[in-house]
Amino acid sequence: MTSQPSATHPLAAPLLSGSRRALARAITLAESSRPEHVREAQRLLAELLPYTGRSVRVGLTGVPGVGKSSFIEALGLRLAGEGHKVAVLAVDPSSQRTGGSIMGDKTRMPGLTVHPGAFIRPSPSGGALGGVARRTREAALLCEAAGHDIILIETVGVGQSETQVAAMTDVFVLLTLPNAGDELQGLKRGIMELADICVVHKADLDAAATRRAQSELTSALHLLTPRSASWQPRVLAASSLTGAGLPELWAAVQACVADETRVRARRQSQLGSWFEELLREAAWQALTSRLDAAELRRVRAEVDAARLTPVQGVSALLEAVGRA
Ligand code: GDP
């Protein structure tokens, strides 16, 4: 996959015309960490940037077993059936450790996998969460350029992955179970604060428990600071098994993104934070590549022994880099 820097990238045209093969290859290119691939992917992304941004980006989270894949399958099929082009992506930093990706695994969504209007891509594996999230962000942009108007990005409640997914989507949906009392105990407050919409899932199991869970979640959410001043998080009930509640859920997503000013502001701030994060990373790498390891160890030992304050230690290292 090499080409002249000034020429249009060969994947651009087929991708823009909706070729799934070109989209898959472009994502693979963007996932590669080989320097020449990184440059090529960035060039392709820059070319495609004018064609991105025209989708509804929905983040989804919930503990394993809450029914995320069933929910995405049911909702995705419904939306694809209405003529939408749905893309399903995932952020799963654990896929590196388990050797294979569970999130976004195609066998979990058999109907959607074979639907011509849907595109499913498992979580990129390998690397730290930041890297996995970056590659998913870029995959989302590529999907948008390929004409996908709905991007569903799922993640499981581990570490900071929900924060990362909330930071790349317009709406963040939290799935919970009808036994919300126990659920709420285990739910990290931070995750609830990110949610624009909470769904009590598997509502078919127990109608009374579902209603109780809805009211408990509603009270809990009222105690938290809303993420957006102009959006009060909603609590809904749904069943992927029967399809009940899915139209209402999608209506809530649409209501949440109807406020264009809020969506624009959220995307702008997400882009700004992403840029700053990358800059911090690059600055750190540039600095550490110029730091002498022995000098770093020496200064660190001085700080540990309280002979230098941490601020003095950092100044000493920066001076050393400046002299180098
Ligand atoms: P995930 O780990 O969050 O992706 O969960 P899955 O989608 O794999 O679902 C876990 C289990 O819950 C499976 O056995 C599903 O059949 C079941 N399940 C999913 N959605 C529903 C639902 O709406 N109602 C009921 N009763 N069971 C469901």
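The values are calculated or read from the model by the stated rules, or taken from the named source; none is laboratory data. Just so we're clear, the structure is a prediction, and the values are computed from it rather than from any experiment. So basically every Cβ, Gly included, is an ideal-geometry build from the backbone, and we count neighbours across all protein chains shown. Ligands, DNA and RNA are stripped out before the accessible areas are found, and what is left, the full protein with its side chains, is counted by its heavy atoms. Shrake-Rupley method; radii C 1.70, N 1.55, O 1.52, S 1.80 Å.
For the range 239-267, residues that are over 22 Å from the mean Cα position of the chain (by Cα) and not in a loop (DSSP other than H, G, I, E, B) total 2.
Of all the numbered requirements in (1) in contact with a Gly (Cβ under 8 Å, 6 or more places away or on another chain); (2) more than 16 Å from the ligand (Cβ to nearest atom); (3) outside any helix (DSSP H, G or I), residue 236 misses one, and that requirement is (2).
Here 254, 268, 285 are screened, and the one residue that is within 23 Å of residue 67 (Cα to Cα) and surrounded by fewer than 12 Cβ atoms within 10 Å (Cβ to Cβ) is 254. From the list 90, 41, exactly one residue is within 16 Å of the ligand (Cβ to nearest atom) and closer than 27 Å to residue 128 by Cα. Which is it? Exactly one residue qualifies, and that residue is 90.
How many of the residues making up the range 45-64 are in contact (Cβ under 8 Å) with a residue 40 or more places away in the chain and either within 16 Å of the ligand (Cβ to nearest atom) or more than 30 Å from residue 237 (Cα to Cα) (or both)? Steps first, please.
The first filter runs over the range 45-64 and keeps only residues in contact (Cβ under 8 Å) with a residue 40 or more places away in the chain, leaving 45, 48-49, 51-64.
With the extra rule that they be either within 16 Å of the ligand (Cβ to nearest atom) or more than 30 Å from residue 237 (Cα to Cα) (or both), the set shrinks to 45, 48-49, 51-52, 58-64.
Number satisfying all stated conditions: 12.
Considering the range 288-317 alone, what residues qualify as being assigned to a loop (DSSP other than H, G, I, E, B) and open to solvent by 100 Å² or more (accessible area, probe 1.4 Å)? Break it down into steps so the answer makes sense when it comes.
Filtering the range 288-317 down to residues assigned to a loop (DSSP other than H, G, I, E, B) leaves 291-292, 305-309.
Within the range 288-317, 307 is the sole residue that qualifies.
Quick check: is even one residue across the range 75-83 more than 27 Å from residue 198 (Cβ to Cβ), over 17 Å from the mean Cα position of the chain (by Cα) and at pLDDT 95 or above? Yes, the range 75-83 contains at least one residue that is more than 27 Å from residue 198 (Cβ to Cβ), over 17 Å from the mean Cα position of the chain (by Cα) and at pLDDT 95 or above.
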